[in-house]
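Comments concern the structure below.
Computed from the coordinates by the stated procedures, all read-outs in this text should not be read as laboratory data. Just so it is clear, the structure is predicted and the values come from calculations on it, not from any experiment. Backbone-built Cβ (ideal geometry, glycine too); neighbour counts: all protein chains shown.
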Amino acid sequence: MIAYLIRRILYSLPILVGVNLLTFALFFVVNTPDDMARMQLGIKRVTPDAIEKWKQQRGYDKPLLLNSAASGTDKITGTIFWQKSASMFVLDFGYSDDGRSIGREITTRMGPSLAIALPTFLIGLVAYVSFALLMTLFRATALDMAGVALCVLLMSVSGLFYIIGGQFVVSKLWHLVPISGYDGGMGGFKFVVLPIVIGVIGSVGSSSRWYRTIFLEEIGKDYVRTARAKGLSELAVLFRHVLKNAMIPILTGVVVIIPLLFMGSLLTESFFGIPGLGSYTIDAINAQDFSVVRAMVFLGSLLYIVGLILTDISYTIVDPRVRLS
Amino acid sequence: MSFVPVMLWSDALVFLLLLAGIASAWYVRQREHLLLPWRRVATSSVAMVSLLVLSFFLVVGLLDTLHYRVALPEQSNGKTVYSPEVLSVFDKLVTPLRAQTEKTYSAPLAVTLYAKESTSDASGNILRDYPRLRYGGVHLTDEQQRDGDVLWRGLTGALVGLMVGLAIVFGSKRWLAQRGWPLRALLIATLIISALIGMTVNLAAAYHVLGTDKVGQDVLYLSLKSIRTGLIIGTVTTLVTLPLALLLGIAAGYLRGWVDDVIQYVYTVLSSIPSVLLIAAAVLMMQVTIDTHPQWFDTSASRADLRLVFLCMILGVTSWTGLCRLLRGETLKLRELEYIQAAQAFGVSSFRILTRHIMPNVMHIVLISLVMDFSGLVLAEAVLSYVGVGVDPSMISFGTMINAARLEMGREPMVWWALAAAFGFMLVLVLAANLFADAVRDAFDPRFNRTEVVT
């Protein structure tokens, strides 16, 4: 198990290197730091001095890959690639345009992100699986058809609509919760409840339909017929046999996103004014703060790869046939 | 009035797609076995009604794709100069909607502006009242007549539309029946759509049916213009995903070895970056390139258009990995089958096996995944525009409409119609696409049972 994990982590290193090279190419080769400076300072009436100053403040005044002016190891370390890209492997994300440490921002903003994302994820999982089980129980009846039709309808509505509509009805018409804001501790409950509910409703359609197809695939298998032949009730078949076996395909889709919960949701957080990583990313995109976007891309792929490894581990837990070796 | 046709990049790609679509339809028509699943789609009433709705959107989108520039009045030196404004045939058709802009917000079917304004009368007294609109309902002498007039216009419009619909229905009834298409559902849908169009056209002649936005533009016009953007995002993206996924997927599955390793590495790297972030990064960088090279573009429309095409490319680059993985898996399965081994034993070259034997047998996966992706892409456009990495802010799209209207959420009383129109049009488009995609999947996916044979 340990040996497998170590190998798995080593395998994922090249992928992170690939992500790093890709972001490096995207941010520094496609457009040179000069272009970025010109963009930030305004296209017209920008002096070379101002560009140099901008680059120097942000540490972009070095050669891209090889610093031939320096000596020894500085040839490698005195470059943009080493200082801005390779340094992310030790989780050193540098500073944002307003001079704050990105690493520090990330650690303080993870909390609020998680406060929304984790409950949304857990409540959502339970809700979607129950709804899908219900549809499976009443499969091929009018109830099932209505459920599927509802799912397709909910799937076709833009995610922005749920947020805007929810804010309008619950906060503006009924005045149940504040429109936006955030507070730590128990006082924050009134701020997080609406984003969580909207987050759960937002993906009822696609998720429930997806779980329903998984359950329907399982229910056609031989062991289900055996279970019924033993005289088990339909409910017992569904909960004790089908649900357990369907866990394997469900886990593939679910475990991989658990680490990504730290990143929060871009839309929800920015609409509800939650000071999490999602709104941080949106603010960075709007302010064209490239160092923050770069850090977020790297962090996102790192968490995704962690999710893939967790998925493999979870297989061994739910499916005794799988042995990691 | 003379004009010069303008071919924007996205127009060229749309026509390329249209040609490809017509060519493949012609190819399929010749071959009974390829036609069979489509016949199954055609028996489903939900799918056919969705297709009818989609084709309405498609017609609007295509009309909006034929662009031209009008010549400005003759210059003194005799040279013709063309207007920097790029128009489309669709713009020409709905000229009143485009040109009749009000001062600012007005509610759907309103005759006055949405906010009170101070005006002074002849004797110099200042009055605060809702000023009348410049175009909406100007034929009315009294605001009180509006309800009756709206009702009358709506009813007559719907009636005329219904007549036209009935004519179409009776004209095509026999033709439809011969093909075994779901007659009743199609007829009802045609009647409803034509009545709705008739009603809207007749009302739009005198009112702003869906109101006006902040700068007084007609919301109905904006919604109809957004259709093209949505359709382009949903379809042009496939021009990137399809070749990448198809070529790399079957090459990886069939050739295996180091080719497989490299391709797997590339798509794992790409798919491990959260797609919104990758798109955001790429769009930000593209914006830098566009902003630092203003000399590339002769009109603002061509700049906005290039950004749209780039956005499609970027969406394509981030979304081919899923399909590629599916195709690789399927090819791995297919290459062990007897008929492939027979072809190999006969000494057929790898390239020929791939194109003749593997590719046709994975096409159903390609088709299903492309049709299923369409609605997701239309929805993604709105979200990306909100995040600030979508289409150019000057380009009319559902995303930019929602984004502009969102700022008015806090206004009292609320300006709701622009949001409602954008979400409504998007819902109809995406719902029709989803329902059609489901029917296509059911008809093409061999895992679904197909005991009934359609002839």
Overall Cα dimensions of the range A:1-136 - principal axes, largest extent first, Å: 67, 44, 27
Spatial separation of Cα centroids for the range A:289-325 and the range A:212-228, in angstrom: 30 Å
Cβ-based net charge around B:Leu224, under 12 Å, with every Lys or Arg adding one and every Asp or Glu removing one: 0
Net charge, B:Ala251 excluded, C-beta distance under 10 Å - Lys, Arg +1, Asp, Glu -1: +1
Neighbour cut-off at most 11 other Cβ (10 Å), DSSP loop, trypsin sites (Lys or Arg not before Pro), the range B:10-86: B:Arg31, B:Lys79
Whole-Hz couplings from phi, Karplus 6.51/-1.76/1.60, listed for the range B:418-424; x for Gly and Pro: 5, 4, 4, 5, 4, 5, x
Efficiency of FRET from Cβ geometry, B:Arg174 and A:Glu217, R₀ 51 Å, rounded to 0.05: 0.75
Length-normalised contact order for chain A - Cα pairs under 8 Å, 6+ apart - percent: 22 percent
Gap separating the Cα centres of the range B:235-313 and the range B:120-180, nearest whole Å: 45 Å
Backbone HN-Hα couplings from phi across the range B:220-230 [Karplus 6.51/-1.76/1.60, Hz, Gly and Pro as x]: 4, 4, 4, 5, 5, 5, 5, 4, 4, 4, x
Inter-label distance for A:His175 and A:Lys230, nm, one decimal - labels placed 7 Å from Cα along Cα-to-Cβ: 5.8 nm
Rh by Kirkwood over Cα pairs, then Stokes-Einstein D for the range A:65-173 at 1.567 mPa s and 4 °C, µm²/s: 67 µm²/s
Anisotropy class of the range B:49-122 from Cα gyration tensor, a/c 1.5 cut: oblate
Unit charges on C-beta of K, R, D, E only; dipole of the protein assembly as shown, Debye: 1800 debye
Residue-averaged beta-carbon neighbours from other chains (10 angstrom radius) around A:13-19: 4
Rounded, prolate or oblate (a/c below 1.5 giving rounded, otherwise prolate when a/b exceeds b/c) for chain A by Cα gyration tensor: oblate
Other-chain or far-sequence residues with amide H under 5 Å of B:Thr112's (modelled H): B:Leu133
Chain lengthening between A:Thr32 and A:Leu5 when straightened (0.36 nm per residue, less Cα-Cα): 5.8 nm
Burial ordering of B:Met359, A:Met135, A:Met186, fewest other beta-carbon atoms within 10 Å first: A:Met186, B:Met359, A:Met135
Dimensions in Å of the range B:244-306 - Rg and Dmax from alpha carbons: 17.5, 49
Order of B:Val317, A:Val293, A:Val126 - criterion: other Cβ atoms within 10 Å of each residue's Cβ, fewest first: A:Val126, B:Val317, A:Val293
Net charge over other residues, Cβ less than 13 angstrom from the Cβ of A:Arg109 (K, R count +1; D, E count -1): -1
Cut-off 18 Å (backbone N to label point 7 Å along Cα→Cβ of B:Leu183), residues of the range B:41-79: B:42-46, B:48-49
Amide H partners (placed H, <5 Å) of A:Tyr95, local residues excluded: A:Ile102
Relative contact order [Cα under 8 Å, 6+ residues apart], the range A:1-95, whole percent: 19 percent
With Cα atoms, 0 to 90° folded angle of helix B:146-179 axis to chain B main axis: 30 degrees
Helix runs (DSSP H) in chain A reaching 30 Å along axis by Cα, Kyte-Doolittle at least 1.6: A:290-318
Relative contact order computed over chain B (Cα-Cα under 8 Å; 6+ residues apart), in percent: 20 percent
Residues A:Asp74, B:Asp218, B:Asp438 arranged by fewest to most Cβ contacts within 10 Å: A:Asp74, B:Asp438, B:Asp218
Prolate/oblate/rounded label for the range B:152-270 (Cα gyration tensor, a/c 1.5): oblate
Long-range amide H partners of B:Tyr82 with built H, under 5 Å: B:Leu72
Debye-sum result for chain B in log10 I(q)/I(0), which assumes one identical scatterer on each alpha carbon, at q = 0.06, 0.12 Å⁻¹: -0.34, -1.19
Dimensionless Rg/Rh of the protein assembly as shown - Kirkwood Rh, Rg from C-alpha atoms: 0.98
Helix-only CD estimate at 222 nm, as mean residue ellipticity for chain B, using -39500 (n - 2.57) per DSSP H run (n ≥ 4): -22500 deg cm²/dmol
